Amino acid sequence: IAHFKAMNPHLKLIGLTATPYRLDSGRLDDGKDKLFDSICYEADVADMIDDGYLSPVTSKATEMVQDVSGVGKRGGDYIPSELAAAVDDGEQNAAAVEEIIAKASDRGSWLIFCASIAHAEHIRDLIREHGFEAETLSADTSKTERARIIDDFKNGKIRALTNMGVLTTGFNAPGTDCVCLLRP
């Protein structure tokens, strides 16, 4: 962008995004390194649901509650190592998976957010023990393997997809009809 602005100081730039922020840099229209001056149009999630562009979300409270009372925070978010230690517990994992199966066995695709890579792998393994196809995505998953897993998930070959920090922004799998947050 800087190159083109140098060529044409009157350059106009427009960006289209579903997420006007990035986890690593914040809002795209804020701060000294902002990419845009302002947001000219925002589509409200409720309006998009009403207009048929998004599916309505139905949340269900869980019976199993993770105890994070002793987990410290840094910068407003839980300290990752402490959070992983608190929630990646054999009994809690088993209870969570049993509840997922009880509430979602009639659902097509389950997307599960975990607290660490090990946590995602433990949940995946427990789901497999119950006879469901499951895979894990993380920063350690190669691009080739990631593409295969996502394709299999979108095509219904994989019922459950556990992940740690990968499918947080801009992931689109229309067949996903159950999202499980196994981390606060």
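Results, tabulated for the structure shown:
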quantity	calculated
Degrees between helix 117-129 axis and first principal axis of the chain (Cα, 0 to 90, nearest 10)	50
Residue-averaged 222 nm ellipticity for the chain, from DSSP H runs of 4+ at -39500 (n - 2.57), nearest 500	-9500 deg cm²/dmol
19 Å Cα-Cα reach of K5 towards lysines, excluding residues that sit fewer than 8 places from it in its own chain	K32, K34
Square roots of 5 times each gyration tensor eigenvalue, C-alpha, segment 80-134, largest first, Å	20, 11, 10
Peptides ranked, highest mean first, by Cβ atoms within 10 Å: ranges 169-180, 79-90	79-90, 169-180
Percent breakdown of C-alpha pair distances by 5 Å bin, ordered from the shortest bin, for segment 3-42	6, 20, 28, 22, 16, 8, 0
Angle between the chain longest axis and helix 90-104 axis [Cα atoms, degrees, rounded to 10]	80
Residue (of A94, L28, A61) at the positive-pole extreme of the chain, dipole from beta-carbon charges	L28
Potential lengthening between A118 and E82 on full extension [0.36 nm per residue; Cα-Cα distance subtracted]	11.6 nm
Under 17 Å from the Cα of K143 - lysines, other chains or at least 8 residues apart	K154
Cut-off 20 Å (backbone N to label point 7 Å along Cα→Cβ of K5), residues of segment 17-45	17, 20-22, 24-41
Helix axis angle, 143-154 relative to the chain longest principal axis, alpha carbon, degrees	70
Cα Rg over Rh - segment 39-87, Kirkwood	1.22
Computed magnitude of the charge dipole of the chain (debye, nearest 20; Cβ of K, R +1, Cβ of D, E -1)	720
Calculated log₁₀ intensity ratio I(q)/I(0) where the Debye formula runs over C-alpha points of the chain, q = 0.08, 0.18, 0.19 Å⁻¹	-0.34, -1.28, -1.34
Debye intensity ratio I(q)/I(0), log10, segment 36-141, q values 0.13, 0.14 Å⁻¹ (C-alpha model)	-0.69, -0.77
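Computed from the coordinates by the stated procedures, all read-outs in this text should not be read as laboratory data. Predicted model, so just to flag it, every value in this text is computed and none were measured. Don't worry about glycine lacking a Cβ; one is built from the backbone with ideal geometry, like all the others, and counts go over all protein chains shown.
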